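Read the structure below first, then the notes.
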Amino acid sequence: MAGPGGGFCLRSCGADSPPPLSLRRRSKHQGPEEAVRDGVMLEKVLGITTQTSSGLTCDPNTGHVFCVRTLRPHLLFWQEIKSSLSFRKTLSALSFSPDGKLIVTGENGHRPAVRVWDVEERTQVSELHGHKHGVACVAFSPKMKYIVSVGYQHDMIVNVWDWRQDSLVASNKVSCKVMALSFSDDSCFVTVGHRHVKFWFLDASREVKIKETVPLVGRSGLLGELHNNIFCGVACGHGRMLGSTFCVSYSGLLCQFNEKRVLEKWIDLKVTVANCICVSEEFIFCGCANGTVRIFHTHNMHYLSDLPKPHCLGVDVVQDPWLIFVIHRLPDSVYPDTIALTFDPCNRWLSCVYKDHSVYIWDVKDTNKVWKVWSDLFHSSFVWNVEVYPEFEDHQACLPPGSFLTCSSDNTIRFWNLENSPRARFQENSYSNNLLKVMYVDNNIQHLQDSTNVPDRGENVGYLDVKSGVRVMQISPNGQHLASGDRGGNLRIHELRFMDEVIKVEAHDSEVLCLEYSKPETGVALLASASRDRLIHVLNVDKNYKLEQTLDDHSSAITAIKFTGNGEVQMISCGADKSIYFRCAQKVADGINFTRTHHVAEKTTLYDMDIDITQKYVAVACQDRNVRVYNTVSGKQKWCYKGSQADDGSLLKVHLDPSGTFLAASCSDKSISVIDFHSGECVAKMFGHSEIVTGMKFTYDCKHLITVSGDSCVFIWHLSPEITNCMKRHLMELDQLQELPGLASLRGPPLTTGAKSCMAPAYGWPCLSSFLSIICFPDPCCLLTNGKLPMWAKSLLGEVDNSDSMTFNPRVSYQPQGRWAERANKDPIKTILDTDLTYFTPIKNDSMNEIDLEPQNLDQLLLEVSNTPLFRVEVAANVSWFYSVLWCLGVGFGSRGSDPGTGKGPHKNVSRAAFGPWARGFPSLVCSIPPQLSVFSKQNNPNLLTFVSYGSCSEHLPETT
């Protein structure tokens, strides 16, 4: 059940233009929990978790149907219970009061509560504690004086409450598992379970006298030869049948007990399994296996008819209705079991919940002409992933606007649409108003029915992980293909135009955990798949998904993989080995090859990540509940902030909205937080799912957040107008920036290939070309080194941290830029990439047979450098101008400890390190000047003490003033 009030509250949308979203201040009157629950409201739930009739109830006066976590159809006004934010336990049972004004709920988990709610006000009226592990069923007495709650098997207790006084009236223990409860009158109720049918009696006079909890008196029903049966449903008669009690057994027997607790008659239902029973004044409805619901007369238990069968398992909802009717008539058709029933006495409608988590409403006014009022089909097991279909022109899109996809362990991929837009070739189907299509993977229907719904299953057992179904999926950027990976390691490609499977590959040895298509901006179409087997496969989409490369950098399961880059391709992956790998693609003869550029090792497990719209940052969900944001180019951490306000648990999923303004994060405590991506401030916090949230996606219209969970449900959260407008403003700002000439850098600056590039003079200094025209450069003399690369070399190789730049310049595309880009003869400066690379390898090759590359003495090498032909510098007459130019270029004055701007500091032992900026100015040159020192004194600038042109780095230079 959606955690009542659990983090989502109704807000009135007043003005057409809502005020800007305020994320920075919090009202003094708001508590920390209340302040973060204003921005998001639960709009719709696609799914149901009802396991028995104890989780399904109907208002006898209005016909409103309530059930454990369900949606609100337009026709039936299904509703949710919203509890306070402080109580987040999963609801396990509920029941209406006879007047329809109150509803009682039971919880699951440690120290569960029984709560009474006012339906109209949606407020809590009473809170009762008396169970330890969970509440199996609850009910009001006919006169609303008492509430009875029965605990789980390990509780072994039945409690009777005076809910108005918040007091426990009577209590007793039971020795078996109780599965159902029904009131006969204010002084008697019946419980049934494993080999158990018991009638309980309340002594009102004794209660008045003692004023404290008294033992609850119970008498077992006289079962005779049926004492070994498991009774799974009970209902007491109404009207003329007030003294009768009807029970149904798991083996398929319908039994009637009289007022003396004696088994009066029983009927074999001729079914393999019976699950539930519902009784009105006229009819008895028995829910059985294979979609069967049998109808009997209440007065004499004569058989009348069966309800129509629901859909058969594996049905194609977009098929022609006549073809579906023909399929239903086939003898080998399989139907889902009926597991819960409730009757609406106002409209005379019967609500049925089936084992595949489908819901049908039947009009049973005339049992000879039963017709369907409404129905819907939902996932029956873990929902692992959700994907929103991209927005395209009408003729390009394969799905209508507003569509999204979900995949589940029930072996299906479901296509949903929540908008009232034309569905083109997707005709309105007779099963669901929200469902466009159900894709059955491998036509496997054995996992469509919920395997957890068996009478002898243990309590507190969630949805069983059956290691089947579709684990992850991804839609191609052009919207034509759907890639999906299952829990067996298989990779499938479906064509969305006609929903055909075009490729199936046994890609991995274990379940596929993540899939990712490359962005269109990268210029290539790739698909990466990663698995628990710690391998990443890179496939070329344009070559019919040909395998390009397999990467095995990770030492454990890979939890997320993303592509980024503009004009080039980068891949980022993280895993359970606490590592993040940044890779860059290079073209090779037979395709594309990814090489590692950065490796980040964290101290915590990394579960998920997402990249913002600018592709500058990647947000990572960490086990320590922090969101760490890294620069996609440098791999360095930019921000770190809390992704959950809880004190325990781990962050499992993160997702950025289409504008990159907000980040949605899910925690293992089943909470969802919406966070300001740049400041880390929590904007909204929501509860509602009864299992961990396994996937989240913002819609492209910035109005909704879709979340899926292990509880088999899909939640549609409506974002407040303030949040939506904030996203849209950010998108508009990005669009406006892209129209400006200066935003070319946002998508990567164009790289020149030898073209003229000379910057205009600035701050009164002449152009660089006029200075370079007086310098004659010899061929570079390069030294072999095995040490760490200096800064200029890292810049050349694209390894320098450039946090403000969004592009990564690979080695093959480097070209000199700016003032150093040309010299007097207008040719580009010679770089390492333009030279013979054989001079840079420590390995002997055939072209250098006569050259000895063994390590030599450094002083000897420097002496050889000093004896090379020297270039001469003709100094301009205005020494002050010459000094200004050299200072601008970063030439060092004095030793390492001196200040280039002031010349202050020691000037002894001048070494090559003192001229590091000069060397970085010429990244590919090692200049040589005669040992005879050329000294220039600056007469009109007292700040200049010394200018030294250096020759041999091993010589000590005297201080000159």
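Observations
- Shape analysis of the stretch 593-716 yields a ratio of the Cα radius of gyration to the Kirkwood radius, Rg/Rh, of 0.97.
- Percent RCO, i.e. relative contact order, over the stretch 226-351, from Cα pairs under 8 Å lying at least 6 residues apart: 18
- Amide H to amide H distances under 5 Å link G47 with L71, V714, where only residues 5 or more positions off or on other chains count and H is placed in the peptide plane.
- Among the chymotrypsin sites (Phe, Trp or Tyr not before Pro) found in the stretch 470-553, those both in a DSSP coil and sparsely packed, with 10 or fewer other Cβ atoms within 10 Å of their Cβ, are F498.
- Whether the stretch 226-351 is rounded, prolate or oblate, judged on the alpha carbon gyration tensor where a/c under 1.5 counts as rounded: prolate
- Sorting L330, L547, L651 from the fewest to the most surrounding beta carbons within 10 angstrom yields L330, L547, L651.
- Fewest-first sequence of H154, H379 by Cβ atoms within 10 Å of each Cβ: H154, H379
- Put simply, the amide H of A180, placed in the peptide plane, has neighbours under 5 Å in V192, leaving out anything fewer than 5 places away on its chain.
- Separation in nanometres of the label points that stand 7 Å from Cα toward Cβ, at R122 and K638: 3.8
- Counting every other Cβ atom within 10 Å of each residue's Cβ, C584, C640 order from fewest to most as C640, C584.
- Two-decimal Rg to Rh for the stretch 354-423 - Kirkwood Rh, Cα set: 1.12
- Seen from A507, the other residues with C-beta closer than 15 Å to its C-beta sum to a net charge of -2, counting Lys and Arg as +1 and Asp and Glu as -1.
- Backbone phi angles across the stretch 297-310, fed through the Karplus curve with coefficients 6.51, -1.76 and 1.60 (θ = phi - 60°), yield HN-Hα couplings of 6, 5, 6, 10, 6, 7, 6, 9, 5, 10, 5, x, 6, x Hz in residue order; Gly and Pro are listed as x.
- Pairs with C-alpha atoms separated by more than 19 Å, drawn from the list K173/K198; K616/K638; K642/K670; K504/K697; K143/K177; K177/K260, are K504/K697; K143/K177; K177/K260.
- Across the stretch 220-298 the C-alpha pair distances fall into 10 Å bins from zero in the proportions 20, 55, 24, 1 percent.
- The stretch 237-302: GluC sites (Glu not before Pro) falling in loop per DSSP and having at most 14 other Cβ within 10 Å: E259, E281
- Beta bridges by DSSP in the stretch 194-286, antiparallel share as percent, to the nearest 5: 95
- Amide H partners (placed H, <5 Å) of A621, local residues excluded: Y607, D608, M609
Coordinate-derived values only; no laboratory data. This is a predicted model, so every value here is computed, not measured. A quick note on method: Cβ atoms are made from the backbone with ideal geometry, for glycine too, and the neighbour counts reach across all protein chains shown.
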